[in-house]
Amino acid sequence: MDKLRLRFEKTGKAAYISHLDLMRVVQRIFLRAETPLRYSEGFNPHALISICLPLSVGTESLCELMDFRVKRDIDIAALPEKLNSTSPEGIRFLECYEPERKASGIKWLRIEGRFDYDHVSGENIVQPLLAFFRRESIPVKRRTKRGEGVLELAGNVRDFECEPTQDGLRIKCVISAQEPTVNPDLLIHALEQLSPELKPDFAKFRRVEIYDADMGVFR
Amino acid sequence: MDKRLERILPNVQKPARYTGGELNEIIKDKSEVKLRMAFCFPDVYEIGMSNLGMRILYGVINNEPDIWCERVFAPWGDMAEAMRENKMLLYALESGDPVSEFDVLGFSIGYEMAYCTVLDMLDMAGIPLRSADRPGLTPLVFAGGTSCCNPEPMAPFMDLMVLGEGEEVDVEVLRLFQRARDEGWSKHDFLLEAAKIQGVYVPSLYEPVYNADGTLAEMRCLPGAPEKVTKRIISDLDSVYYPTNPIVPSTEIVHDRVNVELFRGCVRGCRFCQAGYVYRPIRAKKPETVIRQGIESIRNTGSQEATLLSLSSSDYRHLPEACDGLLDWCEPRNVSLSLPSLRADNFSMELMSRLQKVRRGGLTFAPEAGTQRLRDVINKNVTEDDLLNTCRIAFEGGWNGIKLYFMLGLPTETDEDVVGIADLAAQVLHVWRESSPNKQRGVRITVSTSCFVPKPHSPFQWEAQVTRSEYKRRVNLLRDSITAKNVTYNWHDPDTSFIEAVLSRGDRRVGDAIEAAWRRGARMEAWSDYFNFKRWMDAFDECGVDPDFYATRERSEDEVLPWCRIDMGVRTSLLLREKHRAYAAELSPDCRVACSACGAQSLLPKGVKCDG
Ligand code: SF4
């Protein structure tokens, strides 16, 4: 036993913990739970923890994965509860196991979203929104480290569904998690750029499940 | 979560500081508790959560099962703006409820530059700023913290102020308030009763009377006002509550580490230092307590860094024992221990090497003044030999950076003293040349100066601050005197120090100017991002307050001072004696060599000696 994987949720208030802060939060959770973490060698040792798909601030997740390494065997069945007893609100560990696949095998993410519309009723948006995400081409401009680029959302956003709620709509879809990485915010940017009248006044997302390239649940 | 908040959070910097939900945050059922208090800290989360006093009082008050104390910090500018735009009231982190629904607001005011932020928080909470504009008993608005040792500048806004350490008095005030509320007392009746609690100052029971020249004729006692309000202390630090299971922030704060308190008070008696006087008498923890509380805190927080806190750590009698005990636990677990506020004179190199095994960056010393004469004036018992010796050991031990802190504008300072700072830095550089085993790495010697601010309850409380232009002249003189390449000189601008000087020794009229400055947009003035000198000057002007009257004017020894009703434990006659000795450049022994009978011991129970 050396490499281990934890599946955890990051919801509610914890959604606002940044990726960088989360690394520290998690490290401290391990320390409080007296988990024998393995550290890197060298002058400034750091715990060997990595979060498979970093989450942007404000987005919730029910399906985060985190790889870490331990110095000696531990009771992996008992670990999630032990960690939960010393975790902040909204961070909840679900299971711990020895991973069989590398995180690079992750391809798709199922997400849910809340689209609030202040001035129109959700019902009137459902059809045009469905039509929008059925377009053959949805080129969205985005800023990357390498400057401005265009990403084709069609094909990288699948199975778009939505239903009206009191404040607007609840949406569901599957997005490409890696190669290319589709940040859920790109859905909003696409609307803003291509069909501004459909852009919600507020949107909030939550990751629900992770899949491999064949849409098999990834663990 | 509040819908407006949900919309705001993605658009502000560091949203995690506005959500609460951290580990060890205290949640109670609001329908079950009898009293709700908002503990308000007039600065951002990262500063407030680093404050030991706040953590202690949060724990103490929440130890009362039927009182729920929640945290409120000042939002950073972007958040404050967004909240105002969306008509969101200031809320407490634990429940998310608006502060205006609480029974009591308690502000912790540690520094004067936070005054405007206090007003801003009241305004953001939708609560009238002035005590007189809040006729009802609820909400009670009070303050504590070091700044309250001159309560007058904030007197118009506070219903009451507590002096000294809050562990006991805060709860006493809350319980009395609870009774008053349940029995339907008027606010005035409550305040009259509260004024009987030791450590409670009720501003509305005192009336300032001024002379024609603007000085105070008296702080008149109105019916029911005690002649003197004496601060409170905790006499036994071993048995008092200590937060060993504190909130663990989920986002980075300024001092993200475990605090281990060693003792309160200071044996030294540096004459410029307010803390050295207002925190007397000296009370230490047993080393066992220090070790136990340290280990418990590290264990409960998972922190990788602990720091030993006090005004002058090297004066802790049991320092080696406490350090050994903690290090035995910390070292195998890779927890680092740091020890700030060491003195140059009895600095133990062996200890430092053990503590700072990994990081061997810079060391910091505060000689405060450049010549022995001036160091004698301020009773800073550091000789040049002490300092140079310490530097020698440090350089030999591999350190290659030293920061030296000084003040300009100390009483009796001459140009010779200013140039003395450059000489001292040059000597430190010389010592480096002599002693460094590895000269290729070079050396960084940094000299910093700030403008001296005379503070209430210190022997220099009667002194004039130097003018800003005089400070700048001395800065230029020093800058021109520093010739060595390896010596860097940083000076703090005097504008903030000037405002701080006005606020710290201000009277009630200064309160008007604080409000005027806030109305012109002042908040978070301790941050250079937000500090605006002109705004202050305009505010003084608008209120007819002459800032020089407060900052740069020397007071006569018999002048009635705004804080004359406050007894911080040290007799005024001792402060005067120290002032006179300062002018004679005469040292006073520290408390260990000889007790000066300053008066602070009388705050301890009979038979308990100061400094054990
Ligand atoms: S009572 Fe004596 S020992 Fe105690 S603080 Fe005052 S001078 Fe120092």
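Laboratory data are not the source of any read-out in this text; all were calculated from the coordinates shown. Just so you know, these numbers come straight off a predicted model, no measurement behind them. Cβ coordinates were reconstructed from backbone atoms using ideal geometry, including for glycine residues, and neighbour counts include every protein chain displayed.
What is the local net charge at residue B:295, summed over the other residues whose Cβ is closer than 12 Å to its Cβ (Lys, Arg +1; Asp, Glu -1)? Walk me through the numbers on the way to the answer.
On the way: positive: B:292, B:299, B:333; negative: B:288, B:296, B:328.
So the environment of residue B:295 carries a net charge of 0.
Listing A:215, B:113 from the residue with the fewest other Cβ atoms within 10 Å to the one with the most, what is the order?
Working: A:215 14, B:113 23.
So the ranking, lowest neighbour count to highest, is A:215, B:113.
Would you pull out the residues with amide H under 5 Å of residue A:120's amide H, same chain only if 5 or more places away, H placed 1.01 Å from N?
Hits under the 5 Å cutoff: none.
Report, to the nearest 10°, how far helix B:415-435 tilts away from the longest principal axis of the Cα atoms in chain B, using its own Cα long axis and a range of 0 to 90°.
Helix B:415-435 sits at roughly 60 degrees to that axis.
At R0 = 30 Å, how high is the FRET efficiency between residue B:222 and residue B:198 if r is their beta carbon distance? Nearest 0.05 is fine. Show your work: numbers first, answer last.
Details: r = 19 Å, r/R0 = 0.64.
Working from the Cβ atoms, E equals 0.95.
Return the FRET efficiency for the residue pair residue B:485, residue B:30: r is the Cβ-Cβ distance, R0 is 51 Å, and the value is rounded to the nearest 0.05.
Numbers: r = 63 Å, r/R0 = 1.23.
The pair residue B:485/residue B:30 has a calculated efficiency of 0.20.
Using amide H atoms built 1.01 Å from N in the peptide plane, name the residues 5+ places from residue A:208, or on other chains, whose amide H lies under 5 Å from its own.
Here the answer is A:62, A:110, A:111, A:112, since their amide H atoms fall under 5 Å of that of residue A:208.
By how many degrees, between 0 and 90 and to the nearest 10, does the Cα long axis of helix B:572-583 differ from the longest principal axis of chain B?
The angle comes out at about 30 degrees.
Using the alpha-carbon centroid of each, what span in Å lies between the range B:216-238 and the range B:15-30?
Distance between centres, Cα-based: 35 Å.
With the alpha-carbon atoms as the only input, what is the per residue convex hull volume for chain B in Å³?
Working: hull volume 96.6 nm³, N = 612.
Considering the Cα atoms of chain B, their hull volume per residue is 158 Å³.
For peptide B:77-83, compute the average count of partner chain beta-carbon atoms within 10 Å of each residue's beta-carbon. Mind dumping the intermediate values first?
Working: counts 0, 0, 0, 0, 0, 0, 0.
For this peptide, the per-residue mean of nearby foreign Cβ atoms is 0.
If you take every DSSP beta bridge fully contained in the range B:3-230, what fraction is antiparallel? Give it as a percent rounded to 5. Mind showing how you got there, number by number?
On the way: 8 of 26 bridges.
Approximately 30 percent, going by the DSSP bridge assignments.
Which aspartates and glutamates, if any, have their Cα less than 19 Å from the Cα of residue B:439, not counting same-chain residues under 8 positions apart?
Straight-line reach from residue B:439, under 19 Å: B:396.
Once you have the Cα-Cα distance between residue B:541 and residue B:385, take 0.36 nm times their residue separation minus that, and quote the gain in nm to one decimal.
Values: separation 156, 0.36 × 156 = 56.16 nm, distance 4.86 nm.
Value of the extension gain: 51.3 nm.
Just to confirm the number: angle between the C-alpha axis of helix A:185-194 and the first principal axis of chain A, 0 to 90 degrees, nearest 10?
With both axes taken from Cα atoms, the answer is about 20 degrees.
If you count the DSSP beta bridges with both ends in the protein assembly as shown, what percent of them are antiparallel, to the nearest 5?
Details: 61 of 110 bridges.
Among the beta bridges of the protein assembly as shown, antiparallel pairing accounts for roughly 55 percent.
What is the gain in length, in nm to one decimal, between residue B:441 and residue B:133 on full extension, counting 0.36 nm per residue of separation less the C-alpha to C-alpha distance? It would help to have the intermediate numbers written out before the result.
Details: separation 308, 0.36 × 308 = 110.88 nm, distance 6.31 nm.
So the extension gain works out to 104.6 nm.
Once every DSSP H run of n ≥ 4 in chain A is given -39500 (n - 2.57) and the sum is divided by its residues, what mean residue ellipticity at 222 nm do you get, rounded to the nearest 500 deg cm²/dmol? Intermediate results must be reported in sequence, preceding the final value.
Details: 4 runs with 42 residues, N = 219.
One gets -5500 deg cm²/dmol as the mean residue ellipticity at 222 nm.
Quick one, what does Rg over Rh come out to for the range B:3-230 if you take C-alpha atoms and the Kirkwood Rh?
Details: Rg = 17.7 Å, Rh = 18.2 Å.
Rg/Rh: 0.97.
Among the DSSP beta bridges whose two residues both lie in chain B, what percent are antiparallel, rounded to the nearest 5? Intermediate values should be presented prior to the final figure.
Numbers: 12 of 58 bridges.
The antiparallel fraction comes to roughly 20 percent.
Need one number: the % of Cα-Cα pairs in chain A sitting beyond the 21 Å mark. Write down the numbers at each step before the final one.
Working: 14053 of 23871 pairs.
Tail of P(r) above 21 Å: 59 percent of Cα pairs.
Which of these, A:160, A:202, A:93, has the largest mean-square fluctuation under a Gaussian network model of chain A (Cα springs below 10 Å)?
The residue that fluctuates most here is A:202.
Can you flag which of B:228/B:606; B:403/B:472; A:71/A:102; B:286/B:455; B:472/B:534; B:28/B:87 are past 25 Å Cα-Cα? Walk me through the numbers on the way to the answer.
Values: B:228/B:606 21 Å; B:403/B:472 21 Å; A:71/A:102 20 Å; B:286/B:455 31 Å; B:472/B:534 18 Å; B:28/B:87 27 Å.
The answer is B:286/B:455; B:28/B:87.
With N residues in the protein assembly as shown, what two-decimal value do you get for its Cα radius of gyration over 2.2 N^0.38 Å?
On the way: Rg = 29.7 Å, N = 831, 2.2 N^0.38 = 28.3 Å.
For the protein assembly as shown, the normalised Cα radius of gyration comes out at 1.05.
With each run of n ≥ 4 DSSP H residues scored as -39500 (n - 2.57), what mean residue ellipticity at 222 nm is computed for chain B after dividing by its residue count and rounding to the nearest 500 deg cm²/dmol? Can you show the working numbers first?
Working: 20 runs with 210 residues, N = 612.
One gets -10000 deg cm²/dmol as the mean residue ellipticity at 222 nm.
How much FRET efficiency would the formula 1/(1 + (r/R0)^6) give for residue B:477 and residue A:160, where r is the Cβ-Cβ distance and R0 is 56 Å, rounded to 0.05? Can you show the working numbers first?
Details: r = 72 Å, r/R0 = 1.28.
Between residue B:477 and residue A:160 the formula returns 0.20.
Cut-off under 18 Å on the C-alpha distance; same-chain residues fewer than 8 positions from residue B:285 excluded. Which lysines are left, in chain and number order?
B:609
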